[in-house]
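Engineer: After the structure tokens below, expect a handful of questions from me.
The values are calculated or read from the model by the stated rules, or taken from the named source; none is laboratory data. All of these numbers come straight from a predicted model, not from anything done at the bench. All Cβ positions, glycine included, derive from the backbone under ideal geometry; neighbour counts span all protein chains shown. When the accessible area is computed, the model is the full protein with side chains, heavy atoms only, and any ligands, DNA or RNA have been set aside. Shrake-Rupley method; radii C 1.70, N 1.55, O 1.52, S 1.80 Å.
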Amino acid sequence: MMTERILLAHGSGGKLSHRLTEEIFLPAFGNAWLAPLEDAAVFPIPRGRLAMTTDSFVVKPLFFPGGDIGRLAVCGTVNDLAVSGARPLYLSVGFILEEGLPLAVLRQIVSSLAATAAEAGVQVVTGDTKVVEKGLADGLYINTAGIGILEGERELGARRLKPGDRILVSGSIGQHGIAILAAREGLELEPPVVTDAAPLNRMLGDLVERVSGIKAMRDPTRGGLATTLNEWAAAAGVTIRIKEERLPILPQVQGACDLFGFDPLYLANEGKALIAVAPEAAEEALQLLYRHPYGREAAVIGTVTAERPGTVILETAIGGERILDMLAGEQLPRIC
């Protein structure tokens, strides 16, 4: 019977490593391409262009309202592919485990990761496990890489933004950052704020396939909505005007921001997408987002103009204006 805590020997490549694979990883991720357990996965790919991305997840704590590091790892990588216009297909998962980690914790996170991969329709086809001495990690870290396929010739990117384009957001902002803050500080918010971590690939795939005027998409994670908009404005040499009154922000998120001095425009999101779309296609895109569970709070929040290239301007609810700059420093570290 396997010990109930991670030992250094679980990363040795010997018997305990194999038992970890056979008793925890294979039952969760098992598929035809992972099963051979060779040094590399060999798998088929449909015709088209490939997209590849990688990300590492060091969130603290490992579990937080509405999610955990396993769900976060899948959502982060799948969404990076989806906003590029790709259909995610395969993931690799690398675990860095700390000596002494309870196996029950690892099982719970692996189960969550597998369930999220199934929700997204992607398969974990290869992976790796390393164990470090106690005190050299914070329980566990995860690295994921993802491969997706780009069908057709459509190109997405911030450089395609033009004056007149509309800016959409797929739902309320700031939930993930506040959920992590609440878990870390033991806050009991009422009503509770849960992470928005979600795989957006099915929703965004429909959007790209059905709406011809999509210009660019991005998931506003670290740095939040304001930082992503600044990156877009700089890349395209345009101004982006955002209307404060149109920003979807939950009252409990705004309340927590007021209490702790955070700006929700700079908080991380893990299940939201910013979408730039041609003006004539904005309403069609909005109606399509409404049909998906993760897009029911979608809103048109702004417009692209040419007045001050490289600038993001917030039109306040009381009729004023302020420049939105990129996030300076770190508002809340280790949120993903």
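Engineer: Restricting things to Cα coordinates, could you compute the convex hull volume per residue of the stretch 135-196 in Å³?
Structural biologist: Looking at the stretch 135-196, the number lands at 199 Å³ per residue.
Engineer: What does the helix-only formula give at 222 nm for the chain: each DSSP H stretch with n ≥ 4 adding -39500 (n - 2.57), the total divided by the residues, and the result rounded to the nearest 500 deg cm²/dmol?
Structural biologist: -8500 deg cm²/dmol
Engineer: Which lysines have a Cα less than 20 Å from the Cα of Lys134, not counting those fewer than 8 places away in the same chain?
Structural biologist: Lys134 reaches Lys60.
Engineer: Run the numbers on the stretch 39-156 and let me know its relative contact order in percent, using alpha-carbon pairs under 8 Å that are six or more apart.
Structural biologist: 45 percent
Engineer: Could you work out Rg/(2.2 N^0.38 Å) for the stretch 27-87, with Rg from alpha carbons only?
Structural biologist: 1.39
Engineer: Can you give me the three principal axis dimensions of the stretch 79-180 from its C-alpha atoms, in Å, biggest first?
Structural biologist: 56, 33, 23
Engineer: Now for a different question. Considering only protein heavy atoms, with the full assembly of protein chains and a 1.4 angstrom probe, order Arg71, Arg166 by accessible area, largest first.
Structural biologist: Ranking Arg71, Arg166 by accessible area, largest first, yields Arg166, Arg71.
Engineer: If a/c stays under 1.5 just call it rounded; otherwise compare a/b with b/c (prolate if a/b is bigger, oblate if not). Do that for the stretch 224-308, with a ≥ b ≥ c from the square roots of the Cα gyration tensor eigenvalues.
Structural biologist: It is oblate, given that a/c is not under 1.5 and a/b is not larger than b/c.
Engineer: Roughly what angle does helix 251-260 make with the longest principal axis of the chain, taking Cα atoms, 0 to 90 degrees, to the nearest 10?
Structural biologist: Taking the Cα atoms of the chain, the angle to 251-260 is about 80 degrees.
Engineer: Related question: Which aspartates and glutamates does Lys162 reach when only Cα atoms under 15 Å apart count, and residues fewer than 8 places away in its own chain are ignored?
Structural biologist: Glu231, Glu280, Glu307
Engineer: Average projected area of the Cα convex hull of the stretch 1-46, in nm²?
Structural biologist: Result: a mean projected hull area of 4.0 nm².
Engineer: For the ranges 102-110, 176-184, what's the packing order if you count other beta-carbon atoms within 10 Å of each residue, average per peptide, and put the highest first?
Structural biologist: Going from most to least packed, we get 176-184, 102-110.
Engineer: Along each of the three principal axes of the Cα atoms of the chain, give the extent in whole Å, ordering the values from largest to smallest.
Structural biologist: Cα spread of the chain along its principal axes, largest to smallest: 67, 50, 31 Å.
Engineer: Using Cα pairs under 8 angstrom and six or more residues apart, how large is the relative contact order of the stretch 1-71, in percent?
Structural biologist: It rounds to 13 percent for the stretch 1-71.
Engineer: At a probe size of 1.4 Å, how large is the accessible area of Asp258, to the nearest 10 Å²?
Structural biologist: Estimated to the nearest 10 Å², Asp258 gives 110 Å².
Engineer: Right, here's the next one. Taking Cα centroids, how far is the stretch 285-306 from the stretch 154-227 in Å?
Structural biologist: Measuring centre to centre over Cα atoms gives 10 Å.
Engineer: Among Pro102, Leu89, Gly13, pick out the residue whose Cα is farthest towards the positive end of the charge dipole of the chain, where Lys and Arg carry +1 and Asp and Glu carry -1 on C-beta, about the Cα centre.
Structural biologist: It is Leu89, whose Cα lies furthest towards the positive end.
Engineer: From the C-alpha coordinates alone, can you work out the Kirkwood hydrodynamic radius of the stretch 76-119, in Å?
Structural biologist: Kirkwood hydrodynamic radius for the stretch 76-119: 12.3 Å.
Engineer: Can I ask one more? Using Cα springs under 10 Å in a Gaussian network model of the chain, which residue among Gly271, Gly76, Gly100 shows the largest mean-square fluctuation?
Structural biologist: Gly100
Engineer: Hey, got a sec? Which GluC sites (Glu not before Pro) in the stretch 266-336 land in a DSSP loop and have at most 10 other Cβ atoms within 10 Å?
Structural biologist: Glu307, Glu330
Engineer: How big is the C-alpha Rg of the stretch 1-120 next to the rule-of-thumb value 2.2 N^0.38 Å, as a ratio?
Structural biologist: 1.13
Engineer: Still on this structure, please answer the following. Which whole-Hz couplings ³J(HN,Hα) result when phi for each residue of the stretch 105-110 is put into the Karplus expression 6.51 cos²θ - 1.76 cosθ + 1.60, θ = phi - 60°, listed in order with x for Gly and Pro?
Structural biologist: Computed from phi, the couplings for the stretch 105-110 are 5, 4, 4, 5, 6, 4 Hz.
Engineer: How about the stretch 238-336: which trypsin sites (Lys or Arg not before Pro) there are in a DSSP loop, with at most 15 other Cβ atoms within 10 Å of their Cβ?
Structural biologist: Listed in order of number, the matching sites are Arg291, Arg296, Arg334.
Engineer: Share of Cα-Cα pairs in the stretch 97-156 beyond 18 Å, in percent?
Structural biologist: Percent of Cα pairs beyond 18 Å in the stretch 97-156: 50.
Engineer: Run through all the Cα pairs of the stretch 241-291 and give the fraction in each 5 Å bin from 0, expressed as whole percent.
Structural biologist: 4, 14, 21, 24, 17, 11, 7, 2, 0
Engineer: Another one. With N residues in the stretch 158-237, what two-decimal value do you get for its Cα radius of gyration over 2.2 N^0.38 Å?
Structural biologist: 1.34
Engineer: Cα atoms only, the stretch 169-291: Rg and Dmax in Å?
Structural biologist: 15.2, 46
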